[in-house]
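One structure is given here, and the rest of the page talks about it.
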Amino acid sequence: MWNPKGKEVIVYSDWEGFNGRTTYAETGGCYYSTRLAVCEKLVEEKRQALVITFREIHPGYIMPVGVWHTRESIREAVKKKPMKFDSLEKALAYISSKLEVPLRNWVKNSTLLKNLIYQKKILDFLKP
């Protein structure tokens with residue numbers, strides 16, 4: 001989020017489950033432009049997915065350029081060959097190496113990340 005006079009890092013997060021949303025996303029157009037670009041790709045591939053996007057805006061980013069920038073960046077990203085990881089931990093370690101904001105800040109503010117990291121699966125209770 002554009003924060004020109006901010007002295008501290010702000011992490012915004014929005015999400016929706018399988019049944020969609022009933023309220024307007026707090027992050028506004030950025031959320032919907034990202035969602036559009038991801039949904040276009042998923043429809044093209046006839047797939048469903050849980051998707052988490054990370055976007056950092058740094059001091060050199062002096063003015064918002066509009067949601068078109070976010071949408072087009074995501075469209076370009078989903079054209080690339082996806083990276084594959086053996087585990088969520090390895091994927092998050094890689095992502096963390098690309099971000100300046102510590103991963104713990106992202107997790108603290110993200111319902112989806114918290115669910116992925118901390119929520120137990122029923123199979124976890126069936127293991128000896």
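Points to keep in mind about this one:
- Evaluation of GLU76 against (1) surrounded by 13 or more Cβ atoms within 10 Å (Cβ to Cβ); (2) assigned to a helix (DSSP H, G or I) (one fails), failing number: (1)
- Among the residues of region 39-70, those identified as over 30 Å from LYS7 (Cβ atoms) and under 14 Å from the mean Cα position of the chain (by Cα) are CYS39, ALA49, LEU50, VAL51.
- Screening region 46-71 for residues that are assigned to a helix (DSSP H, G or I) and in contact (Cβ under 8 Å) with a residue 12 or more places away in the chain and picking the one that is surrounded by the most Cβ atoms within 10 Å (Cβ to Cβ) gives THR70.
- Region 27-42, subset under 16 Å from SER110 (Cβ atoms) and out of contact with any Ser or Thr (no Cβ under 8 Å at 6 or more places or on another chain), residue surrounded by the fewest Cβ atoms within 10 Å (Cβ to Cβ): ARG35
- Tabulated pairs, region 110-124, first within 17 Å of SER96 (Cα to Cα) and touching a residue at least 24 places away in the same chain (Cβ under 8 Å), second in a helix (DSSP H, G or I) and not charged (D, E, K, R), C-beta under 7 angstrom, 6+ apart or interchain: LEU113/TRP106; LEU113/VAL107; LEU116/LEU88; ILE117/VAL107
Read the figures in this text as sums done on the coordinates, not as results from a lab. Note that this is a predicted model, so its numbers are computed, not measured. As a convention, Cβ positions derive from the backbone with ideal geometry for all residues, glycine included, and neighbour counts pool all protein chains shown.
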